[in-house]
Amino acid sequence: MPQLNMAQALNLALREEMSRDERVVVLGEDVGRRGGVFLITEGLYELFGPERVIDTPLSEAGIIGVAAGMAMNGLRPVAEIQFADFIFGGFDQIVSNVAKIRYRTGGQFSVPLTIRAPVGGGVKGGMFHSQSPEAYFIHTPGLKVVTPSTPSDAKGLLISSIRDDDPVLFFEPKRIYRTFREEVPEGDYTVPLGVARVAREGSDVSLITYAATVHDCLRAAEKAEVEGISCEVVDLRTLLPFDKDAVERTVKKTGRPVIVHEAPKMCGFGAELAAFIAERLLFDLEAPVLRVTGYDTPFPFVHEHHYMPNESRILNAIRKAASF
Amino acid sequence: MATRELTYVEALNEALREEMRRDDSVIVFGEEVAAAGGVYKVTKDLLKEFGPKRVLDTPISEIAIVGAAIGAALNGLRPVAEIMFFDFVGIAFDQLVTHASKMRFMSGGQVKLPLVIRTQYSLGRSYGSQHTQFLAASLLQAPGLKIVAPATPYDAKGLLKSSIRDDDPVLFVESGALYVNRSYYGYRGPVPEEEYLIPLGKADVKRVGDDVTIVAVSRTVSEAMAAANQLEEKGVKAEVVDLRTIMPMDYETIINSVKKTNRLVVAEDSVKTGGISAEVASHVCEYAFEYLEAPIVRLNSPPMPAPQASELEKKYMVSAEKIVNAVTKLVK
């Protein structure tokens, strides 16, 4: 198996799916000749030509609208939004159209569309190139929302998303595109949507997280271990639908959940998780459900490392949960 | 204070009229708001009184409406722009989330953005999946916006006046069901003759009780009040907390109520996952954890788009009956 970083793993997934299924097309700003600003689609234009790898004008509503039409007419488009921050230009297309086509047509049409977009901070992108907009979309039935944290998951989840018959928002944590490599299975490798993974076993505190903060949690968990606190780290991988059984298992095991994500706290994905726990698992709790998140302000350019849930903020929450 | 009965629509109209008389920088625009007086008559006769320079019909382009409102606000006016259905705010989402909400931060506080976007959601009127959505929860991740959703004529008037005078962008969400459905608590009610304001960011305890807290917003307040009446007959005293302002949220009032009742039901006109009810529940679970004697219950729509058929829509919506059933289980 090759050692790949996340960017390479995503590129491999696209290459393999485009080779396997000629209905798969890629479109977006600069995805063709340029290979994408983060080079995720590098080489696809040369391999599959301009009919299947399409450079679009700068119009997010246009990209998603066109992709929805393609999907309803038999193709399996993978549309790229250059930064997830720009996805709001296509919000109406996603929420009012794409998400509702299956329902509105009584199941006569589905929209097998994948929308890829890089998310998250840590790259000095400022407030318009650092946001994590997943919570804007988990409130919309009909969508799936997926976000990987490792190269092999990136490949396996992207392939599953492309093969899924419903629209999938695929959020790629850009700050870990190239930070580490791991063995990534070649060929027909899929990771099922809606299934979390336990990234680290532990018994005292559950860190429930996804995307880039999985790695911050793993580092915080190592430090907590030195202090005698054993942390379990659950990587959700899919946010809509999220793996309720996995959340239930870890909360029943430790009774002390800490939720970690980069997006603002108010009504972030952590709110949904905490509310789910308060509804279903209240009597399994030994401590309040804590959330370590971005703050309720726009994403700051200068202070991004304070804004994002860094190791020390996570560690403080671990201590608070463990000592409650 | 002398009061009279006004409908929700009349109270809103009066708020606009008073603020336009008081301050000539207040202007109103949107689709059909001028000559037609708004499709729901909220802007009725404003054109007649204030003329076409201050009351403007726009083309059907939500991006242009919100974009123009941002420009007007940046340049010293106090625009009140109308988006006919909350669903259509989605088209102008980038204007709201990327521009309006961040302008104060982007400029280091050098500019303020005193704009109000009025809109309404029509759940309960059989308008189908693209004309009924209550999208407020999807905007709570955009710090910098204020989101207000009144449930009675009194609140509608006082909150709209405060929103217009606020120096930050306010999304003012009205309920289309409260415009027209006479059976609702929030359709008609007492409104003082004298001028008054209601501060943003303050919830209101609409009914006092000890046994359970029902947090509701907009149309669901009417359902919660009806439920509280029915529960009273069963000997259960429900406290009804109307959020009124969703962002910033008045956590203090919610927490104080839960500390008293130890039980929480949240009723919201949207799907459960990622809803406002999630934020309320998660906050209580973090800051009033030791006071909870029963699991928190979220009452929302099922996880699907709103159906158009009225019988299905009735089943889809949060109702007094559903609240009564949930509370009855909870207090056992």
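The values are calculated or read from the model by the stated rules, or taken from the named source; none is laboratory data. Being a predicted model, the structure only gives us computed values, none of them experimental. Here Cβ is always computed from backbone atoms with ideal geometry, including for glycine, and neighbour counts include all displayed protein chains. Heads up: the accessible areas ignore ligands, DNA and RNA and are worked out on the full protein's heavy atoms, side chains in. Shrake-Rupley method; radii C 1.70, N 1.55, O 1.52, S 1.80 Å.
Here are the numbers for this structure:
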{"item": "Helices (runs of 4 or more DSSP H) (entirely within the range B:1-103) containing at least 3 residues that are within 23 Å of the chain's Cα centre (by Cα) and not aliphatic (A, V, I, L, M)", "result": "B:8-22"}
{"item": "Test for B:Phe93: is it outside the structural domain of B:Thr245 (by TED's automatic domain parsing) and within 25 Å of B:Gln308 (Cβ to Cβ)", "result": "yes"}
{"item": "Count of the range B:73-89 residues which are open to solvent by less than 20 Å² (accessible area, probe 1.4 Å) and among the aliphatic types (A, V, I, L, M)", "result": "5"}
{"item": "Residue check, A:Leu113 open to solvent by less than 10 Å² (accessible area, probe 1.4 Å) and either under 13 Å from the mean Cα position of the chain (by Cα) or more than 24 Å from A:Ser59 (Cβ to Cβ) (or both)", "result": "no"}
{"item": "Subset of the range A:306-318 [within 14 Å of chain B (Cβ to nearest Cβ) and in contact with a helix residue (DSSP H, G or I) (Cβ under 9 Å, 6 or more places away or on another chain)]", "result": "A:Ala317"}
{"item": "Test result for B:Leu113, buried (at least 20 other Cβ atoms within 10 Å of the Cβ), at negative phi and in a loop (DSSP other than H, G, I, E, B)", "result": "yes"}
{"item": "Failed item, numbered, when B:Gly128 is tested on (1) more than 15 Å from the chain's Cα centre (by Cα); (2) within 14 Å of chain A (Cβ to nearest Cβ); (3) within 23 Å of B:Arg78 (Cα to Cα)", "result": "(3)"}
{"item": "Test: residue in the range A:248-263 that is within 21 Å of the chain's Cα centre (by Cα), within 25 Å of A:Glu172 (Cα to Cα) and open to solvent by 10 Å² or more (accessible area, probe 1.4 Å)", "result": "yes"}
{"item": "Residues of the range A:261-290 satisfying the condition of being of a type in the set (Asp, Glu) and over 18 Å from A:Ser323 (Cα atoms)", "result": "A:Glu262, A:Glu272, A:Glu279"}
{"item": "Those residues of the range A:60-97 which are out of contact with any Asp or Glu (no Cβ under 9 Å at 6 or more places or on another chain), among the polar types (S, T, N, Q) and more than 11 Å from chain B (Cβ to nearest Cβ), in sequence order", "result": "A:Asn73"}
{"item": "All positions within the range B:101-125 that are among the aromatic types (Phe, Trp, Tyr) and within 11 Å of chain A (Cβ to nearest Cβ)", "result": "B:Phe105"}
{"item": "Residue that is farthest from A:Ala212 (Cα to Cα), among those in the range A:313-324 that are in a helix (DSSP H, G or I) and open to solvent by 70 Å² or more (accessible area, probe 1.4 Å)", "result": "A:Ser323"}
{"item": "Condition check for B:Ala156: touching a strand residue (DSSP E or B) at 6+ places or on another chain (Cβ under 8 Å), open to solvent by less than 10 Å² (accessible area, probe 1.4 Å), assigned to a loop (DSSP other than H, G, I, E, B) and modelled with pLDDT of 95 or more", "result": "no"}
{"item": "The range B:315-332, residues that are open to solvent by 80 Å² or more (accessible area, probe 1.4 Å) and not in a loop (DSSP other than H, G, I, E, B)", "result": "B:Lys315, B:Glu321, B:Asn325, B:Lys329"}
{"item": "Residues of the range A:1-34 satisfying the condition of being within 23 Å of the chain's Cα centre (by Cα), open to solvent by less than 50 Å² (accessible area, probe 1.4 Å) and closer than 22 Å to A:Gly90 by Cβ", "result": "A:Leu10, A:Leu14, A:Val24, A:Val25, A:Val26, A:Leu27, A:Gly28, A:Glu29, A:Val31"}
{"item": "Residue tally, condition open to solvent by less than 20 Å² (accessible area, probe 1.4 Å) and either free of Cβ contacts under 8 Å to residues at least 40 places away in the same chain or not assigned by TED's automatic domain parsing to the domain that holds A:Gly120 (or both), over the range A:44-96", "result": "6"}
